[in-house]
Amino acid sequence: QVQLAESGGGLVQAGGSLRLSCAASGDDISNYAMAWFRRAPGKEREFVAAISRYGTTTHYADFVKGRFAISRDNAKNSMLLQMSDLSAEDTAVYYCAGDTRWGTVVGGRGESWGQGTQVTVSS
């Protein structure tokens, strides 16, 4: 089972950008479909974006609206989430998740999860 660790969160002003990273260890990340989720204060965890094992397929939540881009670098055993045009509604803890099955990771039932990284957008 792969271990995941997020980084790159922080405080940003509305309209700004952040890039989140998810580093994998213990296994080759290319074995896993990967995804980002987030949990805002007082809300349920929600899907943000997903990427297939070799990056040929991506899937985004509607609220992303072209503002976020998911990518992966299997050679570096990592995944990225480039976020732009951020708003206060994007404030949340962001988690990366991985699973060998696409449907499982997109559905939020991935076998591996990171500890999360806090993103705070000030308005």
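Round to a whole number: what % of the accessible area of the chain belongs to carbon and sulfur, probe 1.4 Å?
The computed percentage sits at 46.
Defining a contact as two alpha carbons under 8 Å apart and six or more residues distant in sequence, what relative contact order in percent does the chain show?
It rounds to 36 percent for the chain.
Give me the net charge for the shell around N74: Cβ to Cβ below 10 angstrom, other residues only, Lys and Arg +1, Asp and Glu -1.
That sum, taken over residues with Cβ under 10 Å, equals +1.
Percent of Cα-Cα pairs per 10 Å bin, from 0 to the last occupied bin, for region 1-56, please list those.
Distribution as computed: 18, 45, 30, 7 percent.
Counting only the backbone N, which residues of region 62-95 are under 13 Å from the spot 7 Å out from the Cα of S17 toward its beta-carbon?
Only 67-70, 81-86 fall inside the zone, counting backbone N under 13 Å.
Which net charge results when you count Lys and Arg as +1 and Asp and Glu as -1 among the other residues whose beta-carbon is under 13 Å from that of S52?
+2
Compare the peptides 24-31, 80-87, 60-67 by average per-residue count of other Cβ atoms within 10 angstrom and give them in order, highest first.
By packing density, highest mean first, the sequence is 80-87, 24-31, 60-67.
May I ask for the percentage of alpha-carbon pairs in the chain that lie more than 17 Å from each other?
Summing the P(r) of the chain above 17 Å gives 50 percent of all pairs.
At 1.4 Å probe size, with every protein chain present, just tell me what the per residue accessible area of region 72-123 comes to in Å².
45
The values are calculated or read from the model by the stated rules, or taken from the named source; none is laboratory data. Fair warning: this is a prediction, and the values are worked out from it, not measured in the lab. Note that we place each Cβ from the backbone using ideal geometry, even for glycine, and neighbour counts take in every protein chain shown. The protein model used for the area step is the full one, side chains on, heavy atoms only, and it has no ligands, DNA or RNA in it. Shrake-Rupley method; radii C 1.70, N 1.55, O 1.52, S 1.80 Å.
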